[in-house]
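Engineer: Quick one: this structure, given as structure tokens, is what I'll be asking you about.
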Amino acid sequence: MVRPWTLRPATSADAPWLIDLKAAAMRPDLERVGRWDADRSRRRFLEAYVPANTDVIEVDGRAVGSVAVRPEHDAQWIEHFYLDPQLHGRGIGGEVLRHVMAAHRDARPFRLVVIRGSAARRLYERLGFVHAYDHDNGVDEILDAPGGGYLLDNAQAEAGARFGALAELFDPSTFRHFDALGVAAGWRCWEVGAGGPSVPSWLAARVGPAGRVLATDIDVAWLDPGAGYEVLRHDVGAEPPPGDGFDLVHARLVLVHVPRREAALAAMVSALRPGGRLLIEEADPMLQPLACPDESGPAQRLANRLKHDFRTLMAGRGVDLAYGRKLPRLLREAGLTEVAADAYFPVTGPACDRLERATVEQIRARLTAAGLATDEEIDRHLTNLDAGLLDVATSPMVSAWGVRPG
């Protein structure tokens with residue numbers, strides 16, 4: 001899906017209209033706290049405006065906003081984040097800021113200033129910002145979001161290749177479970193953290209026009225709302241369920257990356273109708289921790305070391321690397337009945353190779369920045385992969401399902 005917005009580098013010629021945009025975006029909050037002063041607003045913008053740090057947001061070729069990242073030794077400051085008020089509520093601001101944070105992310109936290117009581121705070125909280133301290137001016141507060149974040153962000157260019165490989169590897173197993181659960185015409189389905197389009201498209205074809213499929217994610221750029229299913233930006237770990245009475249709720253490779261996993265699982269259970277089915281699928285890297293189970297030589301040892309380094313990065317971001325095996329117990333504790341589980345484990349194949357390449361390319365900068373691998377080692381691993389020297393396996397995908405009683 002093509003994003004409805006683009007970014008271009010700002011120039012000094014953008015300053016006049018950005019001053020007007022800042023006034024339109026900030027004036028209501030500043031008047032609310034008794035601090036609006038047009039001359040002061042203009043002066044402060046010009047004092048802080050650095051075009052080299054700033055991108056202009058464009059929609060349909062029209063400049064509608066801006067965002068800047070000012071690097072300091074201890075943090076990266078998000079500044080001049082303004083959007084035409086007529087475009088508020090469309091999810092553009094969240095998508096832009098998530099994209100910019102993914103592009104600049106390193107070990108430093110992100111930091112920004114927000115006026116106390118501003119509605120913008122809710123957006124920042126959804127993106128992981130929390131209160132750090134109050135400004136001594138008595139009006140502003142400073143919010144921080146940790147560096148690192150989700151390693152495999154949907155905003156990265158390699159995400160499309162990952163989604164394609166994951167679909168080829170795991171869709172057949174997922175669809176087999178859908179069949180076993182009885183998904184049929186007229187069913188109402190919620191696909192949580194959909195990522196790519198393959199699963200909601202399959203569900204939409206199965207339930208038909210009498211049914212309903214809602215696909216949600218914090219970044220919906222890869223989904224197509226014209227493909228027979230509904231699309232909604234939604235954070236399952238932070239927001240209430242987008243409805244109830246669903247016959248099926250499904251999530252694949254979602255919960256391990258959600259900080260509030262218990263709340264997210266509870267939300268999915270609460271969205272089911274009595275008798276509705278929940279299917280959760282999560283990888284369990286600790287059940288099979290190797291990229292190459294047949295460690296027959298130096299190329300395989302390098303692949304396995306890089307996989308270990310990848311798991312180190314994931315664990316540092318709060319990913320539960322043994323979550324898959326816990327699913328049956330967690331579903332029972334959530335009150336579901338008829339709980340069962342199995343696992344699927346691709347050992348090698350072209351899709352495994354494509355998934356490995358896309359994943360390594362996504363995390364390359366993080367591996368080198370953390371001192372876990374060098375560019376030479378990563379290049380050598382990718383060369384080995386392209387040469388067909390490796391039988392690259394995936395982690396086992398644990399699928400667990402249950403029924404809401406009633």
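Engineer: Using a Gaussian network model of the chain whose springs link C-alpha atoms within less than 10 Å, name the residue from 342, 39, 144 with the highest mean-square fluctuation.
Structural biologist: Largest GNM mean-square fluctuation: 39.
Engineer: Then there is this: Compute log10 of I(q)/I(0) for the stretch 281-406 with the Debye formula, placing one identical point scatterer on every Cα and leaving out solvent, at q = 0.21 Å⁻¹, to two decimals.
Structural biologist: Here log10 of I(q) over I(0) equals -1.17.
Engineer: Still on this structure, I have one more. Where does helix 92-104 land angle-wise versus the long Cα axis of the chain, in degrees 0 to 90, nearest 10?
Structural biologist: 80 degrees
Engineer: For the chain, state the average projected area of the convex hull of the C-alpha atoms over all orientations, rounded to one decimal in nm².
Structural biologist: Convex hull of Cα atoms, orientation-averaged projection: 21.5 nm².
Engineer: Just to confirm the number: angle between the C-alpha axis of helix 159-181 and the first principal axis of the chain, 0 to 90 degrees, nearest 10?
Structural biologist: Orientation of helix 159-181: about 50 degrees from the principal axis.
Engineer: Now for a different question. Give me the angle, in degrees from 0 to 90, between the Cα long axis of helix 198-207 and the longest principal axis of the Cα atoms of the chain, rounded to the nearest 10.
Structural biologist: Roughly 70 degrees between the two axes.
Engineer: Okay, next question. With a cap of 15 neighbouring Cβ atoms within 10 Å, and only residues DSSP puts in a loop, list the GluC sites (Glu not before Pro) found in the stretch 1-76.
Structural biologist: On the way: sites: 31, 47, 58, 72; in loops: 72.
Passing both the DSSP loop test and the Cβ count: 72.
Engineer: Just the projected area, averaged over all directions, of the convex hull on the alpha carbon atoms of the stretch 6-145: how many nm²? Please list the in-between numbers first.
Structural biologist: Working: hull surface 33.0 nm².
Over every viewing direction, the Cα hull of the stretch 6-145 projects on average to 8.2 nm².
Engineer: If I build a Gaussian network model for the chain, linking alpha-carbon pairs within less than 10 angstrom, which residue out of 393, 102, 38 has the largest mean-square fluctuation?
Structural biologist: Result: 38 has the largest fluctuation of those listed.
Engineer: At R0 = 30 Å, how high is the FRET efficiency between residue 205 and residue 266 if r is their beta carbon distance? Nearest 0.05 is fine.
Structural biologist: Details: r = 30 Å, r/R0 = 1.00.
Computed FRET efficiency for residue 205 and residue 266: 0.50.
Engineer: Let me ask something additional. Using unit Cβ charges (K, R positive; D, E negative) and no other charged atoms, how large, in debye to the nearest 20, is the dipole of the stretch 6-145 about its Cα centre?
Structural biologist: Using Cβ point charges on Lys, Arg, Asp and Glu, the stretch 6-145 gives about 220 debye.
Engineer: Given the -39500 (n - 2.57) contribution per DSSP H run of 4+ residues, what per-residue ellipticity at 222 nm results for the chain, rounded to the nearest 500 deg cm²/dmol?
Structural biologist: -12000 deg cm²/dmol
Engineer: Can you tell me the length gained on complete extension of the stretch residue 380 to residue 315, counting 0.36 nm per residue apart and subtracting the Cα distance?
Structural biologist: That works out to 20.9 nm of additional length.
Engineer: With a Förster radius of 45 Å, plug the Cβ-Cβ distance of residue 40 and residue 368 into 1/(1 + (r/R0)^6) and report the FRET value to the nearest 0.05.
Structural biologist: Calculated value: 0.55.
Engineer: Now a separate question. Grab the other residues whose beta carbon is less than 13 angstrom from that of residue 400, score K and R as +1, D and E as -1, and report the net.
Structural biologist: For residues surrounding residue 400, the net value is 0.
No value in this document is a laboratory result; all are computed from the given coordinates. Everything numeric in this text was worked out from a predicted model, so none of it was measured. Reconstructed Cβ throughout: ideal geometry from the backbone, glycine too, with neighbour counts over all protein chains shown.
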